[in-house]
Every structure is written in structure tokens, then in C-alpha cells.
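The next block holds one structure in the form of C-alpha cells; read it before the comments.
What follows draws every value from the coordinates through simple rules; no lab data is involved. Note that the structure is a prediction, hence the values are computed from the model and not measured. Methodologically, a virtual Cβ is constructed for each residue, glycine included, from the backbone with ideal geometry; neighbour enumeration extends over all protein chains shown.
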Amino acid sequence: MTFEMFSAAHIAGLVVFVLVMAALILFRARLREPALNRLIRVTLAIVLLGCELSLQASYFMEHSWWIGSLPFQLCSLMVLISAVVIIANHKGFYDVIFFLGSMGALQALLTPNLDESFPHFRYFEFFIAHIGIVAAAVFILAVERYRPSFRSVLLAMVWLHVLAIPAAITNIVTGTTNFMFLARKPGTASLLDLLAPWPWYLLQLEIVAFGIFLLLYGAVRLFPESEQAKGT
């Protein structure tokens, strides 16, 4: 079955997303207990890594693996980075998974670049991976009491460009890949459809990304100070 935006399969994925985020927020105090905290972080890391490994394995099994299957899309990179950061509890990289993870995965969940629908494997892998990315971001915010500063916003912008380097190089070398949608807009409907044609939408994306980071920063600042700890 071909995936359709806001179909029953899409809505079901979004409902699961809301339930997972609500559980992390509602049970945040209990999730700070050392044993349970460690269990959740390890479980989340395993789920994220499992998603990427199973996706790559599916390409090999279907004889469809090629250079375009490398994990250079923003969300693929965030799956790997979030898994490492969340299990190591490396607070120095909280800025990366909170801002970049939230921005990329939330857009992906709202406007999925997905061909296969329920019950195909890639439907489950897509939603589990992207929900997992946002779960990692919400976990460090609600449970670990991460509080970004304006410097965090600037660091997130820097990291966005750093992660775009291998994607851009691969796009140029192959001439066919479209990692991070730097070479062209995706074939499916997305927020990029509202922007100018290539390459001008890349400049507009700089403004959009910075604006989203500021919105995330402002939203976190609305939390009571007692619920947050100073970030990096």
C-alpha cells in the first residue's frame, strides 16, 4: 500500500507519538530514579540503533543497498547521534539532539517522505525512528532537566552546517543522491514546497531553521525554572 499523508496509518503514528511524549512528561519525576533512568536511556538507544541497523539490513536483503542508503539524511544522523548521546548521557551534545533532532523529526512526522504504508516494515521503522528521536529530545528536556541558552541556539546552527558537509559532498560526487534535500526538494509533499526553487530555498532554510530553533528555545523558557537545570 502506498503511504498517504493524514491517512489512518499516518494519524495512528501521530497518536503513538503524542502518547509517548505525554508519558515522558507525566512520569518525568519517576524517570529520574537512577535504575529506571538508566534502563530507559539504554532501551531508547537500542531502539534507535536497531531502527537504523534493521533499515540498512533490509536494503541488503532486498538487493537495493547503494550509496544513497548511507545515513546522511538529517534524521538518520540524528538517530545515530541521539543513541550515542542518550546512552552516554553526554550533556555537551544535548544542544544537537534537542534542536536538530526536534526540528528534523517533527517535520518528518508531519510530512513523511515515505512510500510504504502500514503494515510494511519501513512504515514501522520510519515512525519508530522519528518518534525515538523526539523522545530523546523530550527525555533530556523533561527528565534530565536540560535548559538551553541562546548560545545553544547558535551552536545548533553550527552543528547543522557541520552535519551537512558529508551530505553535500556525497550529493556532488554522485550527482544522484539528495541527502538533507540539499540537491533538490523531496518528491513527496513537504514544507519545502512553500519555499522558492533550488538553490534559493537553501538560503531560506537558513532563516527557517534559525526561526525554529528560536521557537524551541522560547518554548523551553516558558517552563518553570524549578523544572529545569542549566544547560550548556
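Side notes on the structure shown:
- Using the rule -39500 (n - 2.57) for each DSSP H run of four or more residues, divided by the residues of the chain, the 222 nm mean residue ellipticity is -20500 deg cm²/dmol.
- Calculated from backbone phi, Karplus (6.51, -1.76, 1.60) coupling profile of the range 114-130 in Hz, x at Gly/Pro: 9, 9, 8, 10, 4, x, 5, 3, 5, 5, 5, 4, 4, 6, 5, 5, 6
- Measuring gaps between exposed loop sites in the chain (trypsin sites (Lys or Arg not before Pro); DSSP loop; at most 13 other Cβ atoms within 10 Å), the longest gap, sites not included, is 1-183.
- Amide proton proximity set for residue 145, modelled H, under 5 Å, gap of 5+: none
- Under 16 Å from a label point set 7 Å out along the Cα-to-Cβ vector of residue 1, the amide N atoms of the range 113-131 belong to 114-127.
- Here the translational diffusion coefficient of the range 1-97 follows from Stokes-Einstein with Rh set to the Kirkwood radius across Cα pairs; for 4 °C and 1.567 mPa s it amounts to 82 µm²/s.
- Here, the range 8-227 yields an orientationally averaged convex hull projection of 12.4 nm² when only Cα atoms define the hull.
- In this structure the amide hydrogen of residue 116, modeled in the peptide plane, comes within under 5 Å of the amide hydrogens of 3, none closer than 5 places in sequence on its chain.
- Summing charges over all other residues whose Cβ lies under 10 Å from the Cβ of residue 87, with Lys and Arg as +1 and Asp and Glu as -1, gives +2.
- Computed from backbone phi, the HN-Hα couplings of the range 67-82 come to 4, x, 8, 4, x, 9, 5, 4, 5, 5, 4, 6, 4, 5, 5, 4 Hz, rounded to whole numbers (Karplus: 6.51 cos²θ - 1.76 cosθ + 1.60, θ = phi - 60°; Gly and Pro given as x).
- What the Cα atoms of the range 76-165 give is an Rg and a Dmax of 13.6, 43 Å.
- Here, the range 116-232 yields an orientationally averaged convex hull projection of 9.2 nm² when only Cα atoms define the hull.
- If R0 equals 25 Å, the separation of the Cβ atoms of residue 207 and residue 158 corresponds to a calculated FRET efficiency of about 0.95.
- Lys, Arg +1 and Asp, Glu -1 on Cβ, resulting dipole of the range 1-110 about Cα centre, debye, nearest 20: 540 debye
- Shown in residue order for the range 212-221 are the 3J(HN,Hα) couplings computed by the Karplus curve 6.51 cos²θ - 1.76 cosθ + 1.60 at θ = phi - 60°: 5, 4, 5, 5, 5, 4, x, 5, 5, 5 Hz (x for Gly and Pro).
- The chain: most fluctuating residue of 207, 133, 86 per GNM, C-alpha cutoff 10 Å: 207
- Computed magnitude of the charge dipole of the range 8-227 (debye, nearest 20; Cβ of K, R +1, Cβ of D, E -1): 560 debye
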